[in-house]
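A quick write-up on the structure given underneath.
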Amino acid sequence: MNNDEQHIDLREKLLKLPRMKARGGFENELLRRINLLEPVSVKSEPGKSSLWEMLFGKKSLAWTIPAVSLAVIGIVVLSVFLPMYKTDDMTKQTSELSSGKDKLPVTSGTLPNETTGSSIPGKDIVNDLDIGKSPSPEKKDEINKGYNETFVPRSTKTEFPSNTNVIDSRKETTPPEKGTEVSKNLTPPVEIDKAVEKPVIKEESRIENNNKGIEPDKKISAPLIKDNEKITFDVDRNTGIKAKEDVKKKLAKNLTKEILENLKQKIIDN
Amino acid sequence: MPEYRSNTDEELILMFQNDDVEAFNEIVFRYKNKVVNFLYRYTGNREEAEDLAQDTFIKVFRSKHLYKEIAKFSTWFYTIAVNTAKTNAKKKSRMSTMSLSDYDPENEKDYELKDPGFTPEETANAGIENYYIQKAINSLDEDFKKIIILRDIEDLDYEEIVKITGLPMGTVKSRINRGREKLKKILSDIYPYNEK
């Protein structure tokens, strides 16, 4: 049996109930209320749009919440991890530099071991001097020749300590005592210095010129070389100069002996 | 307004959506008695029913853009009316709770029972039986009351009630059945001239 049929008597009673009708002034009253409400509603609409309602109200911009939160998280992550990443890179670089893996090629002074066998003329001689190895006898002769042509020995040179570098030794040079016979025969210290300095300058300028010839675009300047490398470069350069100095001293000793012998013979002859 | 008489409810609301105020007047003309009757049976008070009916029309006026053609206009309209009635009932229950909590035994005037809202004239016109029927409807729970009114007084079909209330068909049917049984029981208890 259907629900409606089951309670048909009650349903009939309910359907027969008198229908209420709206009063005569219903429409006018409604119109009045609408006219009253309309300006209020227009005014209240902008007031409603508070931040809270915009985010969580019925007409909410709920989709913006995850987007904004993701953006904020992204910014925070970048701001935190980017500096960390940079510092890691820096530490890696410094460790690599300290281990000597990423050394830049040295353009002047001592050349790295990789370039020792290069075909640049005159480089081999310098490298031999730099490394501190004793040069081969043939090269020794060449060096001696070169120094003999330009070098004028000085007696005072032998008195310098072996560990002093060229620049310091120049400053520390004391002029020879006047009146002594030995000093009369010797060239003045300034001239000797110039004479001694010439081959070194020649060699350095030759290397620089050769490097310029290989890589004309690269300018050899201090900013290209990092501080760490600079230090190593200076050390190597000093050692190279020291080696040169040692050779010079040996040569000077030999020469002074010869001169002394010559002087002795002259004195004896007189 | 005679040119609007031939239009359906759905056409009228679409015309009103296009700022045709005359179409809204036609809607008011068609639905004012229906909604007043529904709300009167729901509240049991004529003045309150008329106020709520006006509130319903104001809501229609303000939220005309929310109506979509997929539903019948009557369904949408009754949904607004039911929600307005429910909101009013909640307000009333809150008010009554407050007045009870503020009850002062020395001043018993503050304690007021629910006013059925029937004037002697109305009672005379509707008849004694109708008076008791309305009293029985008023005493029903909200869930049963609105469904009984929509089905047995407004004579809406089950499909429409399902759409208005948002309840499943089975729930609607069972509530109508249980509501009728409750109403019968209440009537048999309160109606003194009941045939046994």
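The values are calculated or read from the model by the stated rules, or taken from the named source; none is laboratory data. Quick caveat: nothing in here was measured; it's all calculated off a predicted structure. Glycine gets a Cβ as well: all are built from the backbone with ideal geometry, and neighbour counts include every protein chain shown.
Overview of results
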| item | result |
| --- | --- |
| Counted residues, the stretch B:1-57 - those being surrounded by fewer than 17 Cβ atoms within 10 Å (Cβ to Cβ) and within 27 Å of residue B:141 (Cβ to Cβ) | 2 |
| Subset of the stretch B:59-69 [buried (at least 19 other Cβ atoms within 10 Å of the Cβ) and at the interface with another protein chain (Cβ under 7 Å from one of its Cβ atoms)] | B:61 |
| Pairs, first closer than 17 Å to residue B:172 by Cβ and more than 8 Å from chain B (Cβ to nearest Cβ) in the stretch A:1-17, second modelled with pLDDT of 85 or more and part of a helix (DSSP H, G or I), C-beta under 8 Å, six or more apart | A:4/A:11 |
| Meets criteria (within 13 Å of chain A (Cβ to nearest Cβ) and either at pLDDT below 80 or surrounded by 13 or more Cβ atoms within 10 Å (Cβ to Cβ) (or both)) for residue B:84 | no |
| From B:146, B:185, residue being surrounded by fewer than 20 Cβ atoms within 10 Å (Cβ to Cβ), assigned to a helix (DSSP H, G or I) and on the phi < 0 side of the Ramachandran plot | B:185 |
| Qualifying positions in the stretch B:161-172 - in a helix (DSSP H, G or I), of a type outside the set (Ser, Thr, Tyr) and under 19 Å from the mean Cα position of the chain (by Cα) | B:161, B:162, B:163, B:164, B:172 |
| Any chance residue B:128 is assigned to a helix (DSSP H, G or I), exposed (fewer than 13 other Cβ atoms within 10 Å of the Cβ), aliphatic (A, V, I, L, M) and at pLDDT below 90 | yes |
| Candidate set: the stretch B:39-56, residues that are among the hydrophobic types (A, V, I, L, M, F, W, C) and over 8 Å from the mean Cα position of the chain (by Cα); chosen: the one farthest from residue A:28 (Cα to Cα) | B:52 |
| Complete set of residues in the stretch B:132-152 that are within 19 Å of residue B:73 (Cα to Cα) and within 12 Å of chain A (Cβ to nearest Cβ) | B:147, B:149, B:150, B:151 |
